[in-house]
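The values are calculated or read from the model by the stated rules, or taken from the named source; none is laboratory data. Only a predicted model underlies this, so the values are computations on that prediction, with no experimental measurement involved. Using ideal geometry, Cβ is built from the backbone for each residue, glycine included, and neighbour counts are taken over all protein chains shown. Note: areas computed on protein heavy atoms with side chains; ligands, DNA, RNA excluded. Shrake-Rupley method; radii C 1.70, N 1.55, O 1.52, S 1.80 Å.
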Amino acid sequence: MLRRFHIGLQGLVVFGLVMMLSGHLQAASEQYKLGPGDKVRVTVFGDDQLSGEFQVDATGAIAMPLIGDVDAHGRTTNELAAAIAEKLSKDYLKNPKISVEVTDYRPFYILGEVKNPGSYPYVNGMRVMNAVALAGGFTYRAREGRMKINRDVDGQLEELEADQSTVVQPGDVIEVPERFF
């Protein structure tokens, strides 16, 4: 009896942690701003022909059936869903219910003193340390303690100081400088 209660209590704690984490990730994804290279799944409830996966193109738009281009750049998934619903409600559907979720984030880039500089797929929760590992690690000349990140913030390119624990965002360009001897 006691063992069964103990397992039940562990299960309850794990369930609570999972729910808390999923709420945190959902809140983070609701704040995420879409940009060129992101892929989204749009679900139009009750109409499978309008639903599908779409990529945000270089202009920041997705091309949907019937309504054409919908601006996605700088919008959250909730804002994009509202924009799609507005366009569909004008001529095609009465009170449409739309869901938008990010399926693939745009890549990040890493250059400088890493073994394999280039473009890499973004993963939620990634830090500079993870990005360097994906790029094969530091070269022997790398300045490992201080890096720079070029990030698009509301349409403006900003250069940020970073270290190995700095959180990476999709589209970031990480620069690992050469150390001074």
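Going through Ala162, Ala142, Ala85 one at a time, which residue ends up being out of contact with any helix residue (DSSP H, G or I) (no Cβ under 9 Å at 6 or more places or on another chain) and either open to solvent by 80 Å² or more (accessible area, probe 1.4 Å) or hydrophobic (A, V, I, L, M, F, W, C) (or both)?
Going through Ala162, Ala142, Ala85 in turn, the sole match is Ala85.
For region 43-77, which residues satisfy the criterion of being surrounded by fewer than 14 Cβ atoms within 10 Å (Cβ to Cβ) and not in a loop (DSSP other than H, G, I, E, B)?
Selection gives Glu53, Ala63, Gly68, Asp69.
From the list Met126, Met64, which one is closer than 23 Å to Ile149 by Cα and of a type in the set (A, V, I, L, M)?
On the way: Met64 fails: closer than 23 Å to Ile149 by Cα.
Answer to the check: Met126.
Of the residues that make up region 104-111, is at least one more than 16 Å from the chain's Cα centre (by Cα) and either modelled with pLDDT under 95 or not polar (S, T, N, Q) (or both)? Reasoning before the result, please.
Pass one, region 104-111, residues more than 16 Å from the chain's Cα centre (by Cα): 110-111.
Subset that is either modelled with pLDDT under 95 or not polar (S, T, N, Q) (or both): 110-111.
Yes, some residue in region 104-111 is more than 16 Å from the chain's Cα centre (by Cα) and either modelled with pLDDT under 95 or not polar (S, T, N, Q) (or both).
Of all residues in region 122-146, count the ones that are at pLDDT 95 or above and touching a Pro at 6+ places or on another chain (Cβ under 7 Å).
1
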